[in-house]
């Protein structure tokens with residue numbers, strides 16, 4: 001979907017949060033990007049060599065990735081100048097901004113003349129309606145007590161741990177940052193609702209190598225605004241395994257005041273209950289906690305308490321890794337024996 | 001949204017199923033349409049006076065409604081000729097076909113020149129993200145064991161019964177046929193999934209007259225393709241009351257082979273459980289069964305058995321009405337006493 005290697009454009013960012021996408025690519029896909037490019041005002045880096053477009057092309061870059069976020073998600077004059085320059089140099093361009101690349105003056109025509117692709121990762125591909133038909137292969141889905149509790153990070157950390165053990169595993173992206181990191185995927189919250197399950201089926205098709213599709217979860221069954229997305233993703237994913245994600249200390253559901261973050265056991269049980277519709281033997285294999293709000297000793301005690309109560313390995317993927325969750329996963333699902 | 005009264009265009013239909021939309025309007029909104037118009041080949045009627053466009057305009061029609069369905073949902077040359085003629089005569093045009101009215105040659109420009117509106121009921125309006133904020137007023141949602149089990153019919157029948165008793169009640173449409181009947185609504189399966197709950201909140205806003213919003217349900221929590229839509233609608237609706245809809249004798253979920261229609265008690269329990277997130281006191285008040293596949297005596301026995309097992313009034317709205325379900329509804333929810 002997005003041809004690599006990438007040249008990452010950081011714009012005029014002065015805040016690491018604004019370059020979350022570029023940083024995600026640099027951290028999770030070393031080698032996917034060969035350089036970064038930025039305006040003189042930019043004060044941050046993702047640790048790659050600074051390059052011009054010409055230097056990027058000479059080094060083999062195939063796509064300029066807009067790796068920053070801005071208020072409003074628009075493509076301003078500076079950015080559209082950079083995009084036109086990249087196109088003229090023969091680069092494809094990928095963007096996760098709200099405004100489509102073709103909405104910037106002259107960009108669509110320039111891309112057509114140059115024969116390069118414009119990839120707006122917020123725009124879903126053409127999708128089928130879900131069928132519920134059972135697929136081959138193994139799938140894990142991260143589910144959450146809320147939005148923004150670390151589902152993408154956890155899914156990528158599980159991929160890294162499985163690959164380190166020689167187990168085939170692929171992160172399947174369902175959000176725009178994830179799609180940039182993976183180079184493909186489906187922005188599930190931008191999909192027309194009739195195609196929700198179909199989008200999840202499409203992003204994790206049949207596989208026959210005993211490896212795992214690790215599907216990035218979205219939202220929460222307990223979020224009053226977005227639970228429909230979470231349920232469609234859960235059904236379409238047909239997960240064999242679930243990992244529950246949560247942020248320690250969060251008390252109310254994001255962007256609401258009146259909704260409490262659910263109890264972890266209840267949240268997991270509801271996900272298993274709903275998941276059984278399309279995957280009757282779905283199992284929980286672990287809990288991933290974002291403990292960034294706690295001291296280190298508190299964090300360990302917090303995870304241990306959850307572990308005791310739920311009977312599942314519980315780790316903060318950032319500070320503790322995911323090795324014990326992966327142990328549990330592999331213990332539950334031994335590779336199938338060839339006939 | 002759709003200015004009335006309507007002139008209903010039946011096209012060249014030779015089958016009553018093809019004019020379901022026109023028929024729905026004629027049956028459920030007597031007076032909303034003042035006439036029907038059709039091609040010479042058309043062999044069906046919805047019981048209204050046959051008129052030309054000129055006669056319709058003379059009789060006061062404000063909108064030509066394309067009241068038929070066809071394979072592919074396209075606007076063919078004959079239809080687009082009729083649409084252009086209607087526009088030239090000063091009529092607005094409303095369509096539930098898959099192809100947008102503005103996609104037919106010359107239609108958009110003609111409508112702009114004439115200053116009339118083109119309403120594609122499959123195209124959702126601009127919608128907010130759901131908030132989960134508790135609304136005033138009372139809401140009932142129909143939920144189902146499957147798609148196409150009679151949720152729209154049941155919801156309209158409940159409206160008729162409540163109005164006959166002098167209780168303010170408004171059908172809130174969430175599908176294209178329903179929107180044509182109501183004259184407004186939201187095609188929930190065409191909404192971008194991020195806005196699912198927001199769409200349901202938008203279609204049934206605060207109300208303060210002690211009346212009921214009766215929200216047309218869609219899909220089923222047990223449909224592997226569409227449960228996300230059903231859950232978003234359930235959460236956004238914040239229903240005080242649920243009516244469960246089912247078709248007697250249906251064994252497998254529509255458009256699937258491997259999925260069984262759920263047990264009614266389980267289906268109702270799951271809807272109540274999920275509904276409590278945004279409406280903690282939600283209650284089931286009845287069961288509506290489509291018994292069209294049964295003999296009359298079998299149908300009564302079937303409903304009685306369900307009534308005994310679920311402890312709720314159970315009726316086929318087509319052959320038995322909804323009086324007992326409405327009795328239960330009104331008994332559960334006495335009008336609030338002014339302070």
Looking at region A:250-264, I want the residues that are facing another protein chain (nearest Cβ under 9 Å) and have a partner that is surrounded by fewer than 16 Cβ atoms within 10 Å (Cβ to Cβ) and at pLDDT 95 or above with Cβ atoms under 7 Å, at least 6 apart or on another chain. Which pairs are those? A:259/A:252
If we scan region B:58-68, do we find a residue that is in contact with a helix residue (DSSP H, G or I) (Cβ under 6 Å, 6 or more places away or on another chain), in a loop (DSSP other than H, G, I, E, B) and surrounded by 18 or more Cβ atoms within 10 Å (Cβ to Cβ)? yes
Go through (1) buried (at least 16 other Cβ atoms within 10 Å of the Cβ); (2) assigned to a loop (DSSP other than H, G, I, E, B) and name the single condition residue B:281 misses. (1)
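Please enumerate the residues belonging to region A:203-219 that are more than 10 Å from chain B (Cβ to nearest Cβ) and at pLDDT 95 or above.
Here is the first cut: in region A:203-219, the residues more than 10 Å from chain B (Cβ to nearest Cβ) are A:203-217.
Those that are more than 10 Å from chain B (Cβ to nearest Cβ) and at pLDDT 95 or above: A:203, A:204, A:205, A:206, A:207, A:211, A:212, A:213, A:214, A:215, A:216, A:217.
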Is at least one residue of region B:115-124 surrounded by fewer than 23 Cβ atoms within 10 Å (Cβ to Cβ), in the same structural domain as residue B:79 (by TED's automatic domain parsing) and out of contact with any helix residue (DSSP H, G or I) (no Cβ under 9 Å at 6 or more places or on another chain)? yes
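I'd like the full set of residues that are outside any helix (DSSP H, G or I) and farther than 27 Å from residue B:133 by Cβ, limited to region A:258-277. Steps first, answer last, please.
Initial filter on region A:258-277 (outside any helix (DSSP H, G or I)): A:258-263, A:276-277.
Hits for region A:258-277 are A:276, A:277.
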Taking residue B:303, is it in a helix (DSSP H, G or I), crowded, with 21+ Cβ neighbours inside 10 Å and more than 14 Å from chain A (Cβ to nearest Cβ)? yes
Do the conditions hold for residue B:194, that is, is it without any contact (Cβ under 8 Å) to a residue 60 or more places away in the chain and either under 29 Å from residue A:190 (Cβ atoms) or surrounded by fewer than 21 Cβ atoms within 10 Å (Cβ to Cβ) (or both)? no
Residue ranges of helices (runs of 4 or more DSSP H) in region B:127-237 with at least 3 members out of contact with any helix residue (DSSP H, G or I) (no Cβ under 8 Å at 6 or more places or on another chain) and assigned by TED's automatic domain parsing to the domain that holds residue B:257: B:151-164
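The values are calculated or read from the model by the stated rules, or taken from the named source; none is laboratory data. Please read these numbers as outputs of a predicted model, since none were measured by experiment. A quick note on method: Cβ atoms are made from the backbone with ideal geometry, for glycine too, and the neighbour counts reach across all protein chains shown.
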